[in-house]
Amino acid sequence: MSHDHDDRPQLTAAQAAAVLNPPAGRNGGDLVVESLQGLGATTVFGLPGQHALGMFDALRRSSLRYVGLRVENNAGFAADAYGRITGEVAPLLLSTGPGALTSLAALQEAAAASAPVLAISSQIPTAGLGGGRHGYLHELRDQQASVRDIVKSVHTVRSASQIPSAIAAAWESALTAPHGPVWVEIPQDVLLAETTLPVVSAMDATPRELYPRPELTIAAAHLLSNAERPVIIAGGGVVRSDASGKLRALAEKIDAPVVTTFGGKGAFPWEHPLSLRSWLEDRHTTDFLEDADVLLVVGSGLGELSSNYHTFRPRGRVIQIEADAGKLESNHPALGIHSDAREALADLLEAVERREDAGAAERVRTVLEKVRVRIEAQELTLEQQVLAAVREALPDAAPSFWDMTILAYWAWSAFDARRPNTMHSAQGAGGLGYGFPAAIGAAAADPTKPVLAVSGDGGAMYSIAELATARQYDLPLTWLIVDDGGYGILREYMTGAFGETTGTELARPDFVALAESFGVPAVRTSAESLAADLGKALAAPGPSVVVLPALLRMFEPTHL
């Protein structure tokens, strides 16, 4: 059996000489960073640890930019945001045991949000692997078992020659739809051992495309072309596959109203006549969706938040386009199309027949008016004033990262993201502490735009240490901390369920003085001066903090 190598790049004489005479002083860590460079990485996140020092030493000899955070979980959130903003793989360098385990909550969020994070963890020396109790520092009986339920794939290295292949396989896995976090594990002695292997050159780890099956496209197009009341739910998959243009074209071709999920913010223009916006936690929206005779769900699994806490019961036919096979028909029977959103929408756009519905925009206006009246009746003026101030201050192209806090819950439903891939939150896994470290990752990805992070005082305490990181790298980000002296949403939940609270009230620092102690300028603001103070902070170079003392309330739920 012969192989045709004519299309492979040929080495020059100088390159061949370099291959045969690699530079001295390289170790397994060099093979890691050379592999990352060969795959196109430019930036890595992480935190050094004893077993991982071989990788960190090799960074010195590479052109990779290192962004080091103060807590592994925060480094994971930063890598997650870098992956979301760029669509590229974000390498995350971790140490063994506690270092690896501390990253898990961030990797869970990356998995839920389909962010391509490549976690490369060290391991105890090879002699200690296999489950015996040797007493090595950081030793776990089976470190991989701790991550296997979270990441897309696990790749194990036992010798230096396996490093480039393992990293390339993980890279391809991270970028194959649906994107997600992956895990590579390399023992300490393999990272430290000198190597005479040639320097790793460019590698190909192109992910396979996920196309829809043509017979399913034809069936879906027939349903949509002949529908009386078609509606589209656009999820995060539309944003991640850069398919918002195709979504809009399809919606306009068949006159179908569009609602975006919280993960799909910005996938459809907020002010478009067919835009139902994002009021998914609202009974009027739920009723409207239930009344559709054909419902096209693109890039969403219709999970808890996207289904008004599973109270949504579609009565019409459901077509579901989803890259994650595990989400296909997991909540509702559907014509399930396993495909990347962009590819499926492109095929559907060609296959559907134009359908005109002069009443669609009017029905959208009616629903939005019902929502407006419901919210206004609750007299939540402060909350709407604060959200409007944030929108006024934030430039359209500037990305924002929202922690699990009451203002973020408002933003999921009521904030106009204006551009696709600019509004991100931790609503996938729902852990605290996401906003500020994620903003660090986004600022590292594109330092030409200001970045906004939004946290409550409870969530802010998870990532205070990263004020040092923001200052160290002089990143252009502003952190809005809404200080209400507790875990505000849990306070509401407990009061509603039990009539009183336990464990929700918090002593907290003077956030302005604390930020200034890191050399980060800070200001205390009010709802009235928020737009001006936030706008000024976002326009200034480097990091800044804006503290808003305010007790915000949620709008009444409709699913109870």
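The values are calculated or read from the model by the stated rules, or taken from the named source; none is laboratory data. Just so it is clear, the model here is predicted, and its values are computed rather than measured. Here the Cβ positions follow ideal geometry from the backbone for every residue, glycine too, while neighbour counts run over all protein chains shown. SASA here: full protein model, heavy atoms, side chains in, ligands and nucleic acids out. Shrake-Rupley method; radii C 1.70, N 1.55, O 1.52, S 1.80 Å.
Principal semi-axes of the equivalent ellipsoid, √(5λ) from the alpha carbon gyration tensor of segment 352-435, are 27, 19, 13 Å from largest down. Toward the positive end of the charge dipole of the chain, with +1 on the Cβ of Lys and Arg and -1 on the Cβ of Asp and Glu, the farthest Cα among G49, F436, A408 is that of G49. Cα convex hull, segment 212-321: 92 Å³ per residue, rounded to a whole number. The residues packed around F415, meaning those with a beta-carbon under 10 Å from its beta-carbon, carry a net charge of +3 if Lys and Arg are +1 and Asp and Glu are -1. Let a ≥ b ≥ c be the square roots of the eigenvalues of the Cα gyration tensor of segment 22-161; is it rounded (a/c under 1.5), or, if not, prolate (a/b larger than b/c) or oblate? Note, shape of segment 22-161 comes out oblate. For the listed peptides 406-418, 111-123, a ranking on the average number of other beta carbons within 10 Å per residue, highest first, reads 111-123, 406-418. Partner lysines whose Cα lies under 19 Å from the Cα of K536, excluding those fewer than 8 positions away in the same chain, are identified as K449. Highest-first packing order for the peptide set 342-354, 133-145, 445-457 is 445-457, 342-354, 133-145, based on the mean count of other beta carbon atoms within 10 Å. The accessible surface of segment 77-232, taken with every protein chain in place and a 1.4 Å probe, is 52 percent carbon and sulfur. Summary of the geometry: segment 161-204 and segment 115-157, compared by the centres of their Cα atoms, lie 15 Å apart.
Shape descriptor for segment 173-233: Rg over Rh equals 1.33 (Cα atoms; Rh from the Kirkwood inverse mean 1/r). Pairs of alpha carbons in segment 100-206 separated by more than 19 Å make up 47% of all such pairs. Each of T311, L368, L380 was scored by the projection of its Cα onto the charge dipole of segment 250-386, and the greatest displacement toward the positive side belongs to L380; charges sit on the C-beta of Lys, Arg, Asp and Glu. Summed over the residues of the chain and divided among them, the accessible surface reaches 41 Å² per residue at a probe radius of 1.4 Å.
Between segment 473-488 and segment 362-407, the alpha-carbon centres lie 19 Å apart. Positive end of the dipole of the chain (Cβ unit charges, origin at the Cα centre): among L538, L394, A127, the Cα lying farthest that way belongs to A127. Taking only the Cα atoms of the chain, the radius of gyration and Dmax are 24.8, 78 Å.
Each peptide among 292-304, 192-204 gets the average number of other Cβ atoms lying within 10 Å of its residues, and from highest to lowest they stand as 292-304, 192-204. Could you tally the net charge around A426, taking each other residue with its Cβ under 11 Å from the Cβ of A426, Lys/Arg +1 and Asp/Glu -1? That sum, taken over residues with Cβ under 11 Å, equals -3.
Which value in Å does the Kirkwood hydrodynamic radius of segment 297-401 take, with 1/r averaged over all unlike C-alpha pairs and then inverted?
Computed over segment 297-401, the radius equals 17.5 Å.
Computed about its Cα centre, the charge dipole of the chain is approximately 400 debye, with only Lys, Arg, Asp and Glu carrying charge at their Cβ.
For every helix of n ≥ 4 consecutive DSSP H residues, a contribution of -39,500 (n - 2.57) applies; sum these over the chain, divide by its total residues, and give [θ] at 222 nm rounded to the nearest 500 deg cm²/dmol. Can you show the working numbers first?
On the way: 23 runs with 217 residues, N = 560.
About -11000 deg cm²/dmol.
For segment 360-497, the Kirkwood estimate of the hydrodynamic radius, built from every pair of different alpha carbons, is 16.2 Å.
Can you give me the C-alpha center-to-center distance between segment 215-240 and segment 513-560, rounded to a whole angstrom? First find each Cα centre; the distance between them is then 40 Å.
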